[in-house]
Each structure stands twice: as C-alpha cells, then as structure tokens.
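A.B. asks: Mind looking over this structure? Questions follow.
The values are calculated or read from the model by the stated rules, or taken from the named source; none is laboratory data. Fair warning: this is a prediction, and the values are worked out from it, not measured in the lab. Cβ coordinates were reconstructed from backbone atoms using ideal geometry, including for glycine residues, and neighbour counts include every protein chain displayed.
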Amino acid sequence: MKKSEIEFQYKRYNENAILIQGPSKIDEILLETLLFYKKSIEKFYDKLIIEVILSYNSLLIYYASTIEDVYGEILTLKSLFSDGSSNQMLKKRLWRIPVCYSVSLAPELSSFSANKSMDIDEVISLHTAPLYTIYFIGFLPGFLYLGGMNKKLVTPRKSTPSLKLEKGAVAIGGNQTGVYPCDSPGGWHVIGKTPLSFFDVNSKNCCFVSPGDKIQFISISENDYNDLGLRVKTDFIIPEFEIL
C-alpha cells in the first residue's frame, strides 16, 4: 500500500468526537500515515482536544467540548492530512523482551505445540524470530497489538476463555501474539511468560513502548526469569532497546 492509495472516511462519532477510518487492513504504511496524521492533529488542536485514539486503521478524536460545526471540523481535518508530510523519518525503537518458554510457567505450551504438530523448540524458534510491529495499545492498559507473527503459529482462540491469565503471560490468539500486562480473563493460548511490567501508573511514561516501535521476544532460562522478576518487584525496569 502507498500513501497515495489511502483514502479516509470521516464521520461524527458522538457529540464531541469524530472518527477517521482508513482501509480495513493491517499495514505498516497505513500505520505510519496514521501516526503522522495523529501528530499533526494533536499539534494543531493542542488543548482543544482531549485525546486521539489510534487503532489498526482509524483515529478517534475526542474534543474538549461539543462539536458545533462537524462539517467544518471535517474540512479542517482533511486539510491537515493534505498538508502533513510523511517524508519525515518516523523514530522507531526495537525493544527486546525477555520471555521464559517453560512449561512450569506456561503449561499450555505443551498442548499448543502438540496441536501444531511441532516440538517446543520449534515453537520457540518461530515465536522469537520476527520483529513484531506495535500497531496500537488497548484492551487493557499496556496491552500491545502486534503484527508480524509467523503464519505457522496461527491458532484459533480457545472455545472457552480462561478466567485468569497471569500478568506477563505471553500468548497467541488467531493471527496475533501479545503480552497480558495484568491478571485478566483471556481466550489466548499461553506459551511463555515475561517478568517485565508493561504498565506502571506511577511511572512518567506509564507504558515504555509506543505504536510504530518494534518488539523481539528473547528466550531466557527460568533462573534468569526468577532473577529478573525479583528486580522488577522493586523497580520499573525498562528493557534493552535500539534506535532503528
């Protein structure tokens, strides 16, 4: 997909919000375009809006007050997109997230690998190989929506969701993988666990990653998991990263 091929639809979402929708697909060019667009909107409106919420293919703009002239606002938003430059380089970081792929921490790993007719080492190899793209953050505070999982790992969600998946659970559901940032019900298959926290309300940046960043899962031993877990209990640890 090229930026020139992207067409957006604009519509009133409620009395103080406008929804901008792009093509219904998961695409990195679309993501970068939305990120630049989001930045332009936030800069132009400043305190006149509450927030701009990003999804795979849309931006939802919440205004600080009722929108009196929705058509005028839509024209302004269209002009911001036309004037915005996507020739800038989007600053991206690659985060390396330690994960322990141990059946003692992720008992479903055995059944998952058996259902996929793979041994556990192959599952780990396929899961740790990609550089996943962070498309947006939602569902739970700090829950990352990632793209780029190997198609061999695609697995339907559980027919009956688990009542509790533990914080740090690394799981697969459908064509996606992700990390549960807190204890939560969930229908994904848990194949590993990370000791890191992805959301800390007391930290300056509640979630250390941003949409557009990349993530790579790094396999660690159970001893390393336990050692890192002890450190996490006393501090909000930021994992290793590099600028791409």
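A.B. asks: So Asn150 clears everything in (1) within 25 Å of Phe241 (Cα to Cα); (2) modelled with pLDDT under 95 except one condition, right? Which one?
C.D. replies: (2)
A.B. asks: Would you mind telling me which numbered condition in (1) free of Cβ contacts under 8 Å to residues at least 24 places away in the same chain; (2) in contact with a His (Cβ under 8 Å, 6 or more places away or on another chain) Phe112 fails?
C.D. replies: Only one criterion in (1) free of Cβ contacts under 8 Å to residues at least 24 places away in the same chain; (2) in contact with a His (Cβ under 8 Å, 6 or more places away or on another chain) is unmet by Phe112, namely (1).
Per-residue answers, yes or no, for (1) at pLDDT 95 or above; (2) aromatic (Phe, Trp, Tyr):
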site	(1), (2)
Ala129	yes, no
Thr155	yes, no
Ile172	yes, no
Gly186	no, no
Phe198	no, yes
Gly229	no, no
Val232	no, no
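A.B. asks: Search segment 173-219 for residues being part of a strand (DSSP E or B) and aliphatic (A, V, I, L, M), and hand back the single one that is surrounded by the fewest Cβ atoms within 10 Å (Cβ to Cβ).
C.D. replies: At the first step, the residues of segment 173-219 found to be part of a strand (DSSP E or B) are 173-174, 176-179, 184-186, 189-193, 214-219.
Imposing the further condition that a residue be aliphatic (A, V, I, L, M) reduces the set to 179, 190-191, 215, 218.
On the way: Val179: 22, Val190: 21, Ile191: 28, Ile215: 23, Ile218: 14.
Across segment 173-219, the extreme among qualifying residues is Ile218.
A.B. asks: Do we find a residue being within 25 Å of Glu42 (Cβ to Cβ) and not aromatic (Phe, Trp, Tyr) anywhere in segment 145-153? Explain how you work it out, then say what you get.
C.D. replies: Filtering segment 145-153 for residues within 25 Å of Glu42 (Cβ to Cβ) gives 145-147.
Next, only the ones that are not aromatic (Phe, Trp, Tyr) stay: 146-147.
There is at least one residue in segment 145-153 that is within 25 Å of Glu42 (Cβ to Cβ) and not aromatic (Phe, Trp, Tyr).
A.B. asks: Quick one: which strands (runs of 3 or more DSSP E) sit completely within segment 5-84 and have at least 3 residues that are more than 24 Å from Pro141 (Cα to Cα) and more than 23 Å from the chain's Cα centre (by Cα)?
C.D. replies: Qualifying strands (runs of 3 or more DSSP E): 9-14.
A.B. asks: Of the residues that make up segment 89-106, is at least one more than 15 Å from Ile20 (Cα to Cα), of a type in the set (Phe, Trp, Tyr), within 25 Å of the chain's Cα centre (by Cα) and in a strand (DSSP E or B)? Can you show your working first?
C.D. replies: Taking segment 89-106 and keeping what is more than 15 Å from Ile20 (Cα to Cα), we get 89-106.
So of that shortlist, the ones also of a type in the set (Phe, Trp, Tyr) come out as 95, 101.
After this cut, where a residue has to be within 25 Å of the chain's Cα centre (by Cα) as well, the list is 95, 101.
Right, trim to in a strand (DSSP E or B) and you get 95.
Scanning segment 89-106, I find at least one residue that is more than 15 Å from Ile20 (Cα to Cα), of a type in the set (Phe, Trp, Tyr), within 25 Å of the chain's Cα centre (by Cα) and in a strand (DSSP E or B), so the answer is yes.
A.B. asks: Looking at Tyr135, Tyr101, which one is hydroxyl-bearing (Ser, Thr, Tyr), in contact with a Gly (Cβ under 7 Å, 6 or more places away or on another chain) and farther than 20 Å from Glu28 by Cα?
C.D. replies: On inspection, the qualifying residue turns out to be Tyr101.
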